[in-house]
Amino acid sequence: MDFLNRGVNPVVKWLLRSPLHFLLSARLLLITVHGRKSGKLYTFPVEYSRVGPKVMIITFADRQWWRNLINGAEVTLHLRGKSLRGHARVKRESAEVSQIVNSLFSWMKPERAAKFAAGKVAVEIDLV
């Protein structure tokens, strides 16, 4: 999977930054975070849901990028062709992640939402 990401992510990043972003930007955005140890900037394409002034991201817990946001952090999003700033918080408790999944996908039964949320974290971003 890592090999696939290394090959596909540069193409996805390019598309999301280009005038052709509309091909992917209804479901994908670019999130830029500061490395918590290195201070370097890292940019990743991720799937998102927009809920009013918030952006919600559900990702696998075994991914590394979200760990830079554990204590809350400022992020930059490239969303639908625009650069936006926000404050991100990570939700790791399974009940909390399940509740977020249930609110994003209201058609899902609570049991299915809980199963879907297993092994995942939620990143909640307040746009500023």
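Can Gly72 be described as more than 25 Å from Asn5 (Cβ to Cβ) and either at pLDDT below 95 or surrounded by fewer than 13 Cβ atoms within 10 Å (Cβ to Cβ) (or both)? When the stated conditions are applied, Gly72 passes them. So which residues in the range 16-35 are among the basic types (Lys, Arg) and surrounded by 13 or more Cβ atoms within 10 Å (Cβ to Cβ)? Hit for the range 16-35 is Arg17, nothing else.
Only residues that are more than 15 Å from Leu104 (Cβ to Cβ) and surrounded by 12 or more Cβ atoms within 10 Å (Cβ to Cβ): list them for the range 36-56, please. Correct list: Arg36, Tyr42, Thr43, Phe44, Pro45.
Among the residues making up the range 50-94, those that are closer than 24 Å to Arg17 by Cβ and of a type in the set (Lys, Arg) are Arg50, Lys54, Arg63, Arg80, Lys82, Arg85. Within the range 91-103, how many residues are modelled with pLDDT of 90 or more and either surrounded by fewer than 20 Cβ atoms within 10 Å (Cβ to Cβ) or charged (D, E, K, R) (or both)? Adding up the residues that qualify gives 4.
The values are calculated or read from the model by the stated rules, or taken from the named source; none is laboratory data. What you are looking at is a predicted structure, and each value in this text was computed from that prediction instead of being measured. Ideal geometry is used to build each Cβ from the backbone, glycine not excepted, and the neighbour counts take in all protein chains shown.
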